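The values are calculated or read from the model by the stated rules, or taken from the named source; none is laboratory data. It should be emphasised that the depicted structure is a prediction, and the values quoted were computed from it without experimental measurement. Because the Cβ atoms are built from the backbone with ideal geometry, glycine has one as well, and the counts that use them run over all protein chains shown. Just so you know, the surface numbers come from the protein's heavy atoms only, side chains and all, with ligands and any DNA or RNA stripped out. Shrake-Rupley method; radii C 1.70, N 1.55, O 1.52, S 1.80 Å.
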Amino acid sequence: MHPARWHRPGSAPGLLPALAGWVCGTALQLTQPVLWPAWWYAIGAVVVAVAGLVLRGVWRRSSRVFRDIGLWLAVGVLAFAQVGLRASLFQAHALSPALEGRDLLLTGVIASMPQRGANGLRFQMRVESAWADGALVPVPPRIQLGWYGAPGFDGAAMDGRPSPTSLWAGDRWRMRVRLKAPHGNRNPHGFDYELWLWEHGVQATGYVRDGDGAGRLAPQRLGWTAGYPVERLRQAVRQRIDTRLSDAPQAGWITALVTGDQNAIDRADWDVFRATGVSHLMSISGLHVTMFAWLAATLTAALWRLGPRLCLWLPAAHAALIGGPALALAYAVFSGWGVPAQRTVVMLVVVCLLRLSSRSWPWPMVWLLAGVAVLSIDPWALLQAGFWLSFVAVGVLFASGDRGAVAAPLSARHRLRAMVREQWIITLALAPLVLLLFGQLSLVGFVANLFAIPWVTLLVTPLAMLGTVFAPAWDLAALAVAVLAGVLAWLARFPFATVSVATAPFAIGAAAVLAGVLVAMRLPPALRLAGLALLVPVVLWQPPRPAAGQFDLLAADIGQGNAVLVRTARHALLYDAGPRYSRDSDAGHRVLVPLLRALGVEPDLLVLSHGDADHVGGAASVLDMYPHTRLLASLEPENGLWAHRAGERCVAGQRWVWDGVEFAVLHPSEAHTRARGKANGLSCVLRIRSTATPRATAATVLLAGDIESAQEHQLVADRADLRADLLLVPHHGSKTSSSAVFLDAVRPRVALVQSGYRNRFGHPAPEPMARYAQRGIAVFDSPHCGAMAWRSEAPTVVSCHRLAQPRYWQHRAHAQSRF
């Protein structure tokens, strides 16, 4: 295509500054810590509109530069105002704190296909009415619920009561539930669950209170409605796949490809996908929808050419530009209409409409217009990793493609070469961005995707979709999936399959992303070499470590449980590994391993205070990921974790020094261990002390596990050196711990509580918190603080990750109560 066609004068005057203004205005609004009143945003939009009308004449007589700047500012303000107004109107329906943790009787319609977990179902409900203590109360219109461990699930006896397996999308139910505000874990470089819920329109989460014969009303199905027919159809198809492929090991892969139910895939399979860089193929991602659209467009054009009269009425190329996005839209809707699929469909529609209108805009303008179309529908996509991965990939393909060959028919050999080249370009360009976003890169990803993309797109997906009307096709799809699983497992076993690096600061990461683009594009060798030079900092980056004799501490936000990372100049210790959330999810896999990878840390030692599930639930995941990590634990001899890693028992008197920092075990003694008492009483109590200053002023930390008053009194009676600047509050603030005599012996300046938001134990309890307040001890807890960071150089300062960069969609925890 001639360059003049791509830069046709006057083709879209002012469009580029307008598009740039929309992106900038949207991005600026997303940085707001707190929303303004809705009328402020409305006034801002009105002022811009009025100013545009009043200054119309001045704008026409001004210079091009002035017009572009004015348009950029005006559109930016409009974008800022409309995103803020939408957010304010949405936030107005938030759950009242007074309703959290109370029994509510809801009537509503199941609004999504229920997602199956190891011990129950999760689903979304559109609420029609809600009652509390006989009074009608306002609740958010869309909520997410879990129904766990009820009769009838996983083969349990039903006893004549409704079960989660009877939930169908579109049905109206009445059920007693408990709700809480959307609250997720907040850790450095961690997943923003609260933003994910916000983007999906969910303003409260909770669980079903199943009737148990103690006066509680059992959930009751009230009937069928015509709402959510696509969700109901997806659920019916999923059930048919389960029935047909009940014995197929990878049946969940086909379920995910057809219905978008990613929970159907085992966690072990997801680990293989991440190791081989093909996770995007098993979720309905942008690339997946794009490839489906390409296949649909190719088939549409081929079928269209069979009818000469059809070609006279509409050229086959135009039919393909209509049929491809239309079928991709149908596939995206059927597979769950996830946010990544929505973004991709919008971009496809924009690009195809431009081509149908015979407009030849410069590719940056087309690229930017597609991005603005996505942000107009979903402004919060700008903060999602998937948006940037797909957006950068499309931009690189635009910039590096051979636009002059667009109209030329390609032979099979040329198509194969083009596919290999595009995959190589995407792999090179996205590698730094993937490292920046996830801290891990698959080195076998190019080979894996080169095989998996056409295999899934041209074989597995068509067979899986054909199975919806011809069930035997699912058997063939299962065979194709088995071949793919074998290839991916083989690639994942390579010792160099993945590489992990610490997450670099934004400036270094942005330079690396630019480097990937420079290396992938058709540029002079000198510029490509410059790109390689920009890649070096992100690969070699290491986060700052404490000086010799000093140490720092990070209490991770893992919900109800303990997990504390301690770092010295060259070593790291992990004290406890958090809870197990369900049979297929734990804190180690979901929080700790990604956190350790982002910080560039491999623990030298894992200390497990005792065997309770909220302390060792994630231990197996950590030990599996880090084979060289040693184990020191206060566990029963029969505990299965000893099979994962041979280690030592935690016994009072053990001491070691790392980089000038002293570690000492104060409890349990040999006598306590032989007595085999209550697990909490055997908690491993660890004291950590800096040696960079004299002992009298040395910064000290005391990690107390779940010891209770009896053990606290014993430590005081034994004249143990308990004085500490920071105390990890025993037993998460239980009323059976933090005795007055213990606090007087420790005399901490600050105390940390690791507990879950509105946890069912009521931790931390008011009584021990009153004792801390009476002594002037500053208490920080994870629901209000998120991950809590502390350094021995500043022993009175605790940094809260939740408060570091506040955003309006993030939940501000209120006073704790039982949930």
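Mean separation of Cα pairs under 8 Å and 6 or more residues apart, divided by the residue count, gives the chain a relative contact order of 10 percent.
Taking R0 as 25 Å, what's the FRET efficiency between TRP224 and VAL469 from their Cβ-Cβ distance, rounded to 0.05? After rounding to 0.05, the efficiency reads 0.55. For a modelled paramagnetic label at ALA740, 7 Å from Cα along Cα-to-Cβ, the residues of segment 712-727 in reach, with backbone nitrogen under 15 Å, are 713.
Remark on ARG209: its backbone amide H falls under 5 Å from those of ARG176, VAL177, ARG178, a criterion applied only to residues 5 or more positions apart or on other chains, H modelled at 1.01 Å from N.
Magnitude of the charge dipole for the chain, about its Cα centre and with charges confined to Cβ atoms of Lys, Arg (+1) and Asp, Glu (-1), is about 2440 debye. In this label model, GLU670 and CYS311 are separated by 9.3 nm, measuring between points 7 Å along each Cα→Cβ vector.
Looking at SER500, GLY52, PRO462, which one has the Cα that reaches farthest to the positive end of the dipole of the chain (charges on Cβ: Lys, Arg +1; Asp, Glu -1)? In the chain, that residue is GLY52.
With 0.36 nm allotted per residue and the present C-alpha distance subtracted, the ILE43-HIS644 stretch has 210.1 nm of extension available.
Here the label points at ARG421 and HIS814, each 7 Å from Cα along the C-beta direction, are separated by 6.1 nm in the simple model. Counting heavy atoms of the protein chains alone, HIS200 has an accessible area of about 60 Å² for a 1.4 Å probe.
Here the simple spin-label model places points 7 Å from the Cα toward Cβ, and for LEU476 and SER129 these points are separated by 5.3 nm. Does segment 669-819 come out rounded, prolate or oblate by the C-alpha gyration tensor, with a ≥ b ≥ c the root eigenvalues, rounded set by a/c under 1.5 and, if not, prolate when a/b is larger than b/c and oblate if not? Oblate.
The magnitude of the dipole of segment 608-755, with charges of +1 and -1 set on the Cβ of Lys/Arg and Asp/Glu and taken from the Cα centre, is near 340 debye. For the chain, the Cys residues with no second cysteine's beta carbon closer than 4.7 Å are CYS24, CYS311, CYS352.
Taking the Cβ-Cβ separation of LEU803 and GLU767 as r and a Förster radius of 30 Å, what is the calculated FRET efficiency to the nearest 0.05?
E(calc), rounded to 0.05, equals 0.65.
Residues PHE387, PHE494 ordered from highest to lowest accessible area at a 1.4 Å probe: PHE494, PHE387. Could you tell me which of rounded, prolate or oblate describes segment 26-103, using a ≥ b ≥ c as the square roots of the eigenvalues of the alpha-carbon gyration tensor, with rounded for a/c under 1.5 and, failing that, prolate when a/b is larger than b/c and oblate otherwise? Prolate is the answer for segment 26-103, as a/c is 1.5 or above and a/b outweighs b/c. Within segment 515-599, the trypsin sites (Lys or Arg not before Pro) that combine a DSSP coil assignment with at most 14 other C-beta atoms in a 10 angstrom radius are ARG522, ARG570, ARG583. Taking all protein chains as they are arranged and a probe of 1.4 Å, the heavy atoms of LYS180 leave approximately 40 Å² accessible to solvent. The Rg/Rh ratio for the chain is 0.99, where Rg is the radius of gyration of the alpha carbons and Rh is the Kirkwood radius.
In this view, the solvent-accessible surface of ASP269, computed with a 1.4 Å probe and all protein chains in place, comes to about 30 Å². Summarising the amide proton neighbourhood of GLY117: residues at separation of 5 or more, or on other chains, whose placed amide H is nearer than 5 Å comprise ARG122. With the cut-off at 1.5 for a/c, could you classify segment 217-315 from its C-alpha gyration tensor as rounded, prolate or oblate? Oblate is the answer for segment 217-315, as a/c is 1.5 or above yet b/c matches or exceeds a/b. Backbone geometry of segment 604-613 corresponds, through the Karplus equation with coefficients 6.51, -1.76 and 1.60 at θ = phi - 60°, to 3J(HN,Hα) couplings of 6, 9, 10, 9, 9, 4, 6, x, 5, 4 Hz, x marking Gly and Pro. Ranking ILE322, ILE426, ILE707 by solvent-accessible area of protein heavy atoms (1.4 Å probe, all protein chains present), from largest to smallest, gives ILE322, ILE426, ILE707.
Helical content of the chain, expressed as a calculated mean residue ellipticity at 222 nm, amounts to -13500 deg cm²/dmol (DSSP H runs of 4 or more residues, -39,500 (n - 2.57) each, divided by residue number, nearest 500). So if I take the centroid of the Cα atoms in segment 289-357 and the same for segment 544-570, what is the distance between those two points in Å? Taking the Cα centre of segment 544-570 as reference, the centre of segment 289-357 is 52 Å away. So if R0 is 25 Å, what FRET efficiency would THR243 and ALA118 give, r being the distance between their Cβ atoms, rounded to the nearest 0.05? That pair, THR243 with ALA118, gives E of 0.75. Across the protein chains, with a 1.4 Å probe defining accessible surface, the residues TRP196, TRP147 rank TRP196, TRP147 from largest area downward.
Other residues with beta-carbon under 14 Å from the beta-carbon of ILE265 carry, at +1 per Lys or Arg and -1 per Asp or Glu, a net charge of -2. Multiplying the residue separation of ALA330 and ILE69 by 0.36 nm and removing their Cα-Cα distance gives an extension gain of 89.9 nm.
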